[in-house]
Ligand SMILES: [Zn+2]
């Protein structure tokens, strides 16, 4: 256990719980969607379904990344500028990798 985990162990636990919760939800949605696509006749599967599938896989990968950052103690820092991501933003998007400013820059 690192010093970091000792100093804010309960906050870390809370974040991990939220991320794992989120991960379970997305994983269940992904399984349901995959089954739906599998059952539907091919011509009835829409591009939107594949886009949702891709979105869910992307979210799961981001959540996994966030869980890794929780483990190595770098969670909550912006990957762009290194500043802490505001708690309010993490509240809405617990697996955010960038602060709002860097996110805006990254998506341009
Ligand atoms: Zn930043």
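The values are calculated or read from the model by the stated rules, or taken from the named source; none is laboratory data. Being a predicted model, the structure only gives us computed values, none of them experimental. Neighbour counts are summed over all protein chains in view; Cβ atoms, including those assigned to glycine, are modelled from backbone coordinates with ideal geometry.
Quick look at the values:
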| quantity | calculated |
| --- | --- |
| Residue within the range 52-73 that is outside any helix (DSSP H, G or I) and either modelled with pLDDT of 95 or more or under 22 Å from residue 100 (Cα atoms) (or both) present | yes |
| Enumeration of residues in the range 78-105 that are more than 9 Å from the ligand (Cβ to nearest atom) and either in the same structural domain as residue 23 (by TED's automatic domain parsing) or under 21 Å from residue 64 (Cβ atoms) (or both) | 89, 90, 91, 92, 93, 94, 95, 96, 97 |
